[in-house]
Amino acid sequence: MCFKNLPIEFDQDGKATLREGAGDPYAVSPARPKGYVRRQEGPGAQLAAPPRLRDWNIDPMTRVAGALAVHCVLDLENRVAVEAHSRAMLFRGYELILQGRDPRDSIDITSRACGVCGGVHATVSSQCMDMAFGIAPPPLGTEVRNLGEVGEMFYDRPLHLGLLAGPDYSTALVSVTNPELVTRAEGTLAPHGDVHGYRTIKDIMDAMNPLTGQIYLEALEWTRVGRIMCMLMYGKFPHPSTLAPGGVTTTISTSSFNEYYTQLGKIFDFAKVVCRIWDDLCDFFLEANPAYEQVGQREMNLAQTGIWDDSEQYDATFRNIDTWGNARWSKPCIIIEGKQVTTNITQINMGYEEFIDHSFYEDWTRSGPPRFRTDPLGNPISPYHPWNKTTIPKPTATDFRGKYTWDTAPRWDRRTIETGAYGQLWSTALANNTVDNPFFESTGDGLRIVMPRHGLPEEELFWKVPRVINAVERNRARAYSMAFTAAIGMNCMLKALEYWRRGETKVHTPYKVPKDERIAMGFWEAGRGWLAHHLHMDKGKLINYQITTPSTLNASPRDPFGGLGPYEQAIIDTPLLESVPDEQVKGLDVLRAIRSFDPCMPCTTHMDTGRGIITREVNSCGCTLE
């Protein structure tokens, strides 16, 4: 029984139905919003006692993608964050742009939803078309898609570890907030210095300094390697134009694979190094102060949609979606309280809902009955499901007890869930059903990964499922996801070469755009996890198209049941471990908590410090401001 809050039950054949006598099965009884420390409502609300509470507003958040603002309250008496609101500040409206268009337009248009993740949106949209049009790529077409997405992940991972989250642990920043840690790091030998070349922990922290550190600068070059790999399979990157219903339209040759493997070999060596760098750094911080385990900690509820299809299983049908979904190299999964509750995409889909009680949108459920009460297999779905959703923007003044963000509140079984690159490791490790292959295996409590010999000798790595999820473990797992992705890339390369050797060189299936009414969905993953596209079409045109990204989940606001979004949960109770006086506190641990989710790119800094708005164009974080 994977559902506890939704009244969905399964018969002995696994058929899902709504529980008899449930009344209105998807009724929402809103809980009163929790005001942790406020006595008034609205942006100008006054703080309640005790007097050593401080409003801490970061707008926009730096070293992330675009307009994310975070409001929190710091309790300087107890050195802990006690209130948080995550705010998406920009409405983009891709769902409205797509209404009435040829469904194939969605591949190119949704690719522009993100400058970092253009390939994954194009891929998941083309998979949505596969299902809607009733076609599937030839086996090599599936492997080319897989290899393209392996390359795209190698663009994303170094970007986060080197340029976005890494500087939070650099000498430049830590010397301002915790100078005693820098002193300790200077005298601490790095356990894996023989692998990564840094003698002490301080050497690693120096290398993470923004703009000047070796790790920071090398990360730029490693993102280039990922882009080259993606380009070799997709023709160009970002925003590839060769992804299509039924596969890809790239001209693939033997040289394509040879050049791709040359780049993949470089990643083998990089993965060996980056995993050991983050092992040494994370272990140092946890040993220096075990309270770092509480920074960014929240309940271990994860949602992953799976990525990298088995070319022998993928047929793009909803009928077989659980079969080909579970055959993916990285498994779809829902993890609740650290336990895996399902790996079936049908169950992940039927338990998914979006709420807008604290978002700048109208409630579409008030305009009439839902379009669809079941999925194509007859499984029940909610009025709040994307197939029933209508995007109706309604901007209002910001009110932290009311509406305060352009993000919605996605929930699974009405519980808050997060997603990430680290979730790919969690889901695959707990599934414990990897296909026999030479490069990785799940053990039930972790992943054993073999990185082949290239410039460095072959090395076996082991990522162990951590006891808790927090900022440190998110970053460590993201480093190990480099090795996991490289192992998958090698498996996909070998399969692609075998098809090529046998003369099975087709990468695209012809199709016709259907004119009857259809619904379809694509479940894939971006660099930050969960990615889903749902469509409804008729007469060859899109009626509705809904996009759910990783940050839709992670940056979500409170829900109608009183639950907080993942960023908000991770901030509240994060300790302020800076050793400086109150007036010098920078909030670095709060920033570490947020950035560990990988919100993404740098932007202009605007921070309300209580002494006015500070505006400075920097490629760093606001915690360096004086």
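One residue is enough: does segment 206-217 have a residue meeting the conditions among the hydrophobic types (A, V, I, L, M, F, W, C), over 18 Å from LEU456 (Cα atoms) and surrounded by fewer than 16 Cβ atoms within 10 Å (Cβ to Cβ)? Within segment 206-217 (the criterion being among the hydrophobic types (A, V, I, L, M, F, W, C), over 18 Å from LEU456 (Cα atoms) and surrounded by fewer than 16 Cβ atoms within 10 Å (Cβ to Cβ)), the answer is yes, since at least one residue qualifies.
For segment 347-400, the tally of residues that are of a type in the set (Phe, Trp, Tyr) and either surrounded by fewer than 19 Cβ atoms within 10 Å (Cβ to Cβ) or assigned to a loop (DSSP other than H, G, I, E, B) (or both) stands at 5. Given the criterion within 20 Å of the chain's Cα centre (by Cα) and open to solvent by 50 Å² or more (accessible area, probe 1.4 Å), identify the matching residue among LYS266, LYS339. Selected residue: LYS339, the only one of LYS266, LYS339 that is within 20 Å of the chain's Cα centre (by Cα) and open to solvent by 50 Å² or more (accessible area, probe 1.4 Å). Whether any residue in segment 464-473 is among the acidic types (Asp, Glu), more than 25 Å from the chain's Cα centre (by Cα) and at negative phi is what I want to check. No, because not a single residue in segment 464-473 is among the acidic types (Asp, Glu), more than 25 Å from the chain's Cα centre (by Cα) and at negative phi. Of all residues assigned to segment 99-107, at least one qualifies as being under 23 Å from the mean Cα position of the chain (by Cα) and either within 28 Å of THR398 (Cα to Cα) or crowded, with 22+ Cβ neighbours inside 10 Å (or both).
Here PRO191 fulfils each of the conditions (1) under 26 Å from TYR314 (Cβ atoms); (2) open to solvent by 70 Å² or more (accessible area, probe 1.4 Å); (3) in contact (Cβ under 8 Å) with a residue 24 or more places away in the chain apart from (1). In segment 280-306, how many are open to solvent by less than 10 Å² (accessible area, probe 1.4 Å) and either among the charged types (D, E, K, R) or at pLDDT below 95 (or both)? Qualifying residue count for the region: 1. Being open to solvent by less than 60 Å² (accessible area, probe 1.4 Å) and in contact with a Cys (Cβ under 6 Å, 6 or more places away or on another chain), is that true of even one residue in segment 455-474? There is at least one residue in segment 455-474 that is open to solvent by less than 60 Å² (accessible area, probe 1.4 Å) and in contact with a Cys (Cβ under 6 Å, 6 or more places away or on another chain).
Scan segment 416-425 and tell me whether some residue there is among the aromatic types (Phe, Trp, Tyr) and in contact with a strand residue (DSSP E or B) (Cβ under 6 Å, 6 or more places away or on another chain). For segment 416-425, residues among the aromatic types (Phe, Trp, Tyr) and in contact with a strand residue (DSSP E or B) (Cβ under 6 Å, 6 or more places away or on another chain): absent.
Annotation note: Cβ proximity below 7 Å between a residue of segment 316-335 that is among the acidic types (Asp, Glu) and a residue that is not in a loop (DSSP other than H, G, I, E, B) (sequence gap 6+ or interchain) occurs for ASP322/ILE345; ASP322/THR346. Just one of the listed residues (THR396, THR391) is polar (S, T, N, Q), touching a Lys or Arg at 6+ places or on another chain (Cβ under 6 Å) and at pLDDT below 95, namely THR396.
Only one of the numbered conditions (1) touching a residue at least 40 places away in the same chain (Cβ under 8 Å); (2) part of a loop (DSSP other than H, G, I, E, B) is violated by LYS515, and that is (1).
Please verify whether ARG476 is free of Cβ contacts under 8 Å to residues at least 12 places away in the same chain and more than 20 Å from ASN437 (Cβ to Cβ), treating the condition exactly as stated. In short, no.
Restricting the first member to segment 92-107 and to residues that are under 18 Å from PRO245 (Cα atoms) and outside any loop (DSSP other than H, G, I, E, B), and the second to residues that are open to solvent by 30 Å² or more (accessible area, probe 1.4 Å) and charged (D, E, K, R), no beta-carbon pair is closer than 6 Å while six or more apart or on different chains. Looking at segment 492-506, can you tell me whether even one residue there is on the phi < 0 side of the Ramachandran plot, touching a strand residue (DSSP E or B) at 6+ places or on another chain (Cβ under 9 Å) and among the β-branched types (Val, Ile, Thr)? Checking segment 492-506: not a single residue is on the phi < 0 side of the Ramachandran plot, touching a strand residue (DSSP E or B) at 6+ places or on another chain (Cβ under 9 Å) and among the β-branched types (Val, Ile, Thr). Picking from residues in segment 85-117 that are of a type in the set (Gly, Ala, Ser) and out of contact with any Phe, Trp or Tyr (no Cβ under 7 Å at 6 or more places or on another chain), the one that is nearest to LYS515 (Cα to Cα) is GLY100. When the helices (runs of 4 or more DSSP H) confined to segment 115-228 are screened for residues that are modelled with pLDDT of 95 or more, out of contact with any strand residue (DSSP E or B) (no Cβ under 6 Å at 6 or more places or on another chain) and closer than 22 Å to ALA593 by Cα, those reaching at least 1 such residues are found at 171-177, 179-186, 201-207. Taking segment 357-383 as the range and being among the hydroxyl-bearing types (Ser, Thr, Tyr) and within 25 Å of ALA84 (Cα to Cα) as the test, the residues that pass are SER359, TYR361. None of GLU460, GLU504 is among the acidic types (Asp, Glu), touching a residue at least 24 places away in the same chain (Cβ under 8 Å) and not in a helix (DSSP H, G or I) except GLU504.
Within segment 401-419, the set of residues being part of a loop (DSSP other than H, G, I, E, B) and on the phi < 0 side of the Ramachandran plot comprises ARG401, GLY402, LYS403, TYR404, TRP406, ASP407, THR408, THR416, ILE417, THR419.
Please find, within segment 1-21, the residue that is nearest to VAL341 (Cα to Cα) out of those that are open to solvent by 20 Å² or more (accessible area, probe 1.4 Å) and hydrophobic (A, V, I, L, M, F, W, C). Only one residue tops the list, namely MET1.
Could you pull out the residue among ASP315, ASP309 that is open to solvent by less than 10 Å² (accessible area, probe 1.4 Å) and either farther than 20 Å from GLY489 by Cβ or assigned to a loop (DSSP other than H, G, I, E, B) (or both)? Matching residue, one of ASP315, ASP309: ASP309. Take the conditions (1) under 22 Å from PHE270 (Cβ atoms); (2) in contact (Cβ under 8 Å) with a residue 40 or more places away in the chain; LEU494 misses just one of them, which is (2).
A Cβ distance below 7 Å, combined with a sequence gap of six or more or placement on separate chains, defines the contacts here; from segment 242-261, residues that are farther than 14 Å from ASN146 by Cβ and free of Cβ contacts under 8 Å to residues at least 24 places away in the same chain reach residues that are open to solvent by less than 10 Å² (accessible area, probe 1.4 Å) and assigned to a helix (DSSP H, G or I) in the pairs THR242/TYR234.
The values are calculated or read from the model by the stated rules, or taken from the named source; none is laboratory data. Keep in mind it's a predicted model, so treat the numbers as computed, not measured. Positions of Cβ are generated from backbone atoms using ideal geometry, with glycine treated the same way; all protein chains shown enter the neighbour counts. The protein model used for the area step is the full one, side chains on, heavy atoms only, and it has no ligands, DNA or RNA in it. Shrake-Rupley method; radii C 1.70, N 1.55, O 1.52, S 1.80 Å.
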